Amino acid sequence: MHEHAESRSSACDASAVAAWLVDGARSASKAEDVLTELCERLSRAGVPLWRVAVFVHTLHPQILARRFLWRPGGAASVAEAAFERANDDEFRASPVTRIRKTGETIRRRLADPHCPMDFTVLGELRDEGVTDYLAMPLRFTNAEIHAASFTTQQEGGFTDTQLEALEAIIPPLARVAEVRALRRTAVNLLDAYVGHDAGERILAGRIRRGDTEAIRAAIWLSDMRGFTTLADSMKPQALIDLLNQFYDCLVPAIEAEGGEVLKFMGDGLLAIFRIASDAATGEVCARALRAARDARARIEALPAAGDPRTNAPLRFGLALHVGEALYGNIGGGGRLDFTCIGPAVNMAARLEKLAARLGRVIVGSTAFAQNLPNDLMTLGAFELAGFRSAETVFGLREEEPEGMLTRS
């Protein structure tokens with residue numbers, strides 16, 4: 001058996017694998033493809049792998065880290081860990097957490113009955129027939145430490161030559177992982193702060209001031225009712241928590257119907273639902289209205305979270321309009337904003353203020369309402385600041401003037 005292991009180790013040469021990584025692993029388009037191809041190349045080079053994982057912490061408002069996992073005969077899978085996982089006892093006592101803190105390499109020869117079983121995952125691996133476990137740090141140039149783990153079912157575990165091959169590919173793997181992680185971080189942050197579509201445009205080079213395009217869209221503009229009073233009566237952190245709770249009702253509703261949140265403005269929110277063609281206007285308006293009703297239902301379902309002095313429920317107002325707007329970069333000097341501007345956005349803002357005066361939760365313009373005649377009814381014609389002609393405004397048929405739903 002010893003001679004057999006040595007003959008296998010002598011045939012192990014991972015230099016070509018290391019060269020592929022040094023060249024950027026360019027044949028793999030996605031991060032998970034990098035791990036799949038890496039493991040397949042190592043296996044062909046004579047390293048008998050069973051389960052391989054790469055753990056990379058990320059910069060994301062909701063995600064703590066990503067795990068890439070490969071097994072023989074399949075493609076690598078990706079799993080994401082939320083920040084709550086950091087409080088999990090098993091995670092805190094895991095090899096990955098140890099490596100991030102200490103930078104040490106961890107090896108456990110699971111075929112040895114006297115091997116210390118000091119991590120929960122080791123018992124699971126031994127049950128799978130794993131004989132050797134090796135976890136090593138992936139050191140990024142900014143001093144961050146991430147981790148990669150390799151296992152085998154080979155009798156006797158990894159040979160010295162196979163261990164040397166794995167150790168040799170770790171530095172170039174760390175460089176590839178860092179480059180991919182940086183790109184992922186840029187996408188994450190742009191998605192979080194400017195929205196997915198705007199983020200893609202920025203990464204594609206649409207970054208010069210004045211670089212805009214005319215789009216046609218259903219425009220959503222909403223805000224929280226009584227926010228100034230709430231801000232004066234609540235502690236700062238409680239107010240922030242309330243705003244986050246409020247936006248947790250609006251943003252998922254908008255995104256579920258294909259809308260894009262462009263901007264948070266204190267308690268206000270600007271979003272758009274793009275209209276690709278005139279024929280799609282009705283369908284887009286229907287999606288925007290479904291999102292509005294969904295947001296309203298979510299807010300109504302909240303426990304009392306409004307004025308802490310009166311325990312009044314949280315209220316909001318929303319205007320929907322259809323029109324053309326300029327979408328792109330505006331700003332001064334090196335400080336730019338990717339947003340929507342134009343008369344259509346101004347119209348939505350005026351209508352949203354009018355909704356409060358009318359005691360309505362949701363109002364729409366003529367341009368929006370004409371696409372949904374069965375859902376909206378005329379409330380009257382109103383003069384709007386900055387517009388020469390009066391605008392006929394529409395409200396939902398099921399809403400009473402006080403903003404309460406009609407009871408059947």
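Numbers for the structure displayed
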{"read-out": "Number of the condition not met by residue 359 [criteria: (1) closer than 12 Å to residue 285 by Cβ; (2) of a type outside the set (A, V, I, L, M); (3) out of contact with any Leu (no Cβ under 8 Å at 6 or more places or on another chain); (4) surrounded by 14 or more Cβ atoms within 10 Å (Cβ to Cβ)]", "value": "(1)"}
{"read-out": "Options 81, 65, 25; residue that is closer than 30 Å to residue 192 by Cβ and at pLDDT 95 or above", "value": "25"}
{"read-out": "Within segment 194-215, tally of residues that are closer than 25 Å to residue 296 by Cα and modelled with pLDDT of 85 or more", "value": "0"}
{"read-out": "Residue list for segment 53-62, restricted to those being surrounded by fewer than 16 Cβ atoms within 10 Å (Cβ to Cβ) and either free of Cβ contacts under 8 Å to residues at least 60 places away in the same chain or more than 20 Å from the chain's Cα centre (by Cα) (or both)", "value": "62"}
{"read-out": "Single residue of 286, 218, 271 found to be in the same structural domain as residue 349 (by TED's automatic domain parsing), in contact with a Cys (Cβ under 7 Å, 6 or more places away or on another chain) and touching a residue at least 24 places away in the same chain (Cβ under 8 Å)", "value": "218"}
{"read-out": "When residues of segment 366-397 are limited to those that are of a type in the set (Phe, Trp, Tyr) and surrounded by fewer than 19 Cβ atoms within 10 Å (Cβ to Cβ), the one farthest from residue 219 (Cα to Cα)", "value": "382"}
{"read-out": "Candidate set from segment 94-151 (those that are assigned to a helix (DSSP H, G or I) and acidic (Asp, Glu)); member that is surrounded by the most Cβ atoms within 10 Å (Cβ to Cβ)", "value": "124"}
{"read-out": "Residue list for segment 176-197, filter: within 21 Å of residue 16 (Cβ to Cβ) and either in contact with a Phe, Trp or Tyr (Cβ under 7 Å, 6 or more places away or on another chain) or surrounded by 18 or more Cβ atoms within 10 Å (Cβ to Cβ) (or both)", "value": "176, 177, 180"}
{"read-out": "Qualifying residue in segment 213-236 (condition: of a type outside the set (Asp, Glu), part of a loop (DSSP other than H, G, I, E, B) and loosely packed, with under 14 Cβ neighbours inside 10 Å)", "value": "yes"}
{"read-out": "Only listed residue being buried (at least 17 other Cβ atoms within 10 Å of the Cβ) and either in the same structural domain as residue 28 (by TED's automatic domain parsing) or outside any strand (DSSP E or B) (or both), chosen from 79, 75, 65, 168", "value": "65"}
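The values are calculated or read from the model by the stated rules, or taken from the named source; none is laboratory data. The structure presented is a predicted model; accordingly, all values stated were derived computationally and were not measured. A quick note on method: Cβ atoms are made from the backbone with ideal geometry, for glycine too, and the neighbour counts reach across all protein chains shown.
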